[in-house]
1. Among the residues of segment 183-228, count how many are in contact with a helix residue (DSSP H, G or I) (Cβ under 9 Å, 6 or more places away or on another chain) and assigned to a strand (DSSP E or B).
2. Suppose the filter is in contact with a strand residue (DSSP E or B) (Cβ under 7 Å, 6 or more places away or on another chain), in a helix (DSSP H, G or I), open to solvent by less than 10 Å² (accessible area, probe 1.4 Å) and not aromatic (F, W, Y); does I135 pass it?
3. Taking the condition open to solvent by 30 Å² or more (accessible area, probe 1.4 Å), out of contact with any His (no Cβ under 8 Å at 6 or more places or on another chain) and at pLDDT 95 or above, does A49 pass?
4. When T67 is evaluated against the numbered criteria (1) within 21 Å of K207 (Cβ to Cβ); (2) over 15 Å from the mean Cα position of the chain (by Cα); (3) surrounded by fewer than 21 Cβ atoms within 10 Å (Cβ to Cβ); (4) in contact (Cβ under 8 Å) with a residue 12 or more places away in the chain, which criterion, by number, is the only one it fails?
5. Consider G105 against the criteria (1) assigned to a helix (DSSP H, G or I); (2) open to solvent by 30 Å² or more (accessible area, probe 1.4 Å): it satisfies all of them except one. Which criterion is unmet?
6. Condition first: polar (S, T, N, Q) and either at pLDDT 95 or above or closer than 14 Å to L134 by Cβ (or both). Now tell me which residues in segment 4-19 satisfy that.
7. Going residue by residue through segment 186-194, is there one that turns out to be surrounded by fewer than 18 Cβ atoms within 10 Å (Cβ to Cβ), closer than 20 Å to Q119 by Cα and touching a strand residue (DSSP E or B) at 6+ places or on another chain (Cβ under 9 Å)?
8. Of all residues in segment 78-102, count the ones that are crowded, with 17+ Cβ neighbours inside 10 Å and either part of a helix (DSSP H, G or I) or more than 21 Å from the chain's Cα centre (by Cα) (or both).
Amino acid sequence: MVDRDGGHVDVPHNYPCSTVFLDESGIKARDRFTVGGIKVRAVGQLSRAVQHVRDEHAFRDEFKFTTLNDGSLDFAYDLVDVLGRSDAQLIGCVVDPDVFDPFEGAEHRWLAHAEVASQLLIGSTNRRELITALIDGITTPRGCSLEDRVRSRVNGKFKATSVVSAVCLDSKTNDLLQLADLVASAIAFERRRIRTGVGSPSSAKGKVAARLGVEFGHVGLHDGRSARYNVATYGAKRSKQTTPLRIVPSRSA
């Protein structure tokens, strides 16, 4: 790396680096819009573990929470278990218009989407940490880039290069983006179920969302912050007593 004076800056070989995988849920329903996903250090270990689950179930399709049913329930359970055994941290940002609605008055919807994703990354990045963000792509106007907007917003907030790179991908190409879909959609499902009563806890989706909440110590997937869980409502004020996030090492370390 090169500093602003043209000199080289050495980054220690064990400097904390994380990869964040983000997806959204409820883009057509503003009151349930959620950006969520996972933040992970041991990316290769988690990716290989997911591949093993795919092989065991002979599951070759793209996994999407919206198509989850009783036939794919065991596969989804195993994904949640693998996620729980990894060093992944669940992250999410939920839009509740009763609290604040970033879409209201927004010139373009994708800009509000980028703002929610940016706030999620800002709230999920430790002070000493470099981030790579992989984001499920959305449609933007010609010449407009969601990933560039998010990277610029986050680094501008920190006045430093915290997000080294941000890339939009098709979730079909990456298993961990499909895990991000599971997380974002499960959070949205629980919020909708608890708030409106839509969605049964005994359905396949309800069971997987519940299992995810139990695995990460937050039944209901409510707002909360801990070493392995960081979910908040956009615009909501956090308690002053909230414990800051700790850097989570790989369990294999």
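The values are calculated or read from the model by the stated rules, or taken from the named source; none is laboratory data. Predicted, not measured: the structure shown is a model, and the values here were computed from it. Glycine gets a Cβ as well: all are built from the backbone with ideal geometry, and neighbour counts include every protein chain shown. The accessibility values were calculated without ligands, DNA or RNA, using every heavy atom of the protein model including side chains. Shrake-Rupley method; radii C 1.70, N 1.55, O 1.52, S 1.80 Å.
1. Residues flagged as in contact with a helix residue (DSSP H, G or I) (Cβ under 9 Å, 6 or more places away or on another chain) and assigned to a strand (DSSP E or B) within segment 183-228 amount to 1.
2. Spelling it out, it is not the case that I135 is in contact with a strand residue (DSSP E or B) (Cβ under 7 Å, 6 or more places away or on another chain), in a helix (DSSP H, G or I), open to solvent by less than 10 Å² (accessible area, probe 1.4 Å) and not aromatic (F, W, Y).
3. So A49 fits the description; yes.
4. Of everything listed in (1) within 21 Å of K207 (Cβ to Cβ); (2) over 15 Å from the mean Cα position of the chain (by Cα); (3) surrounded by fewer than 21 Cβ atoms within 10 Å (Cβ to Cβ); (4) in contact (Cβ under 8 Å) with a residue 12 or more places away in the chain, T67 misses just condition (4).
5. G105 satisfies every listed condition except (1).
6. The first filter runs over segment 4-19 and keeps only residues polar (S, T, N, Q), leaving 14, 18-19.
Those that are polar (S, T, N, Q) and either at pLDDT 95 or above or closer than 14 Å to L134 by Cβ (or both): S18, T19.
7. Looking only at segment 186-194, we keep the residues that are surrounded by fewer than 18 Cβ atoms within 10 Å (Cβ to Cβ), and these are 194.
Narrowing further to those that are closer than 20 Å to Q119 by Cα: none.
The answer is no; no qualifying residue exists.
8. Total satisfying the criteria: 5.
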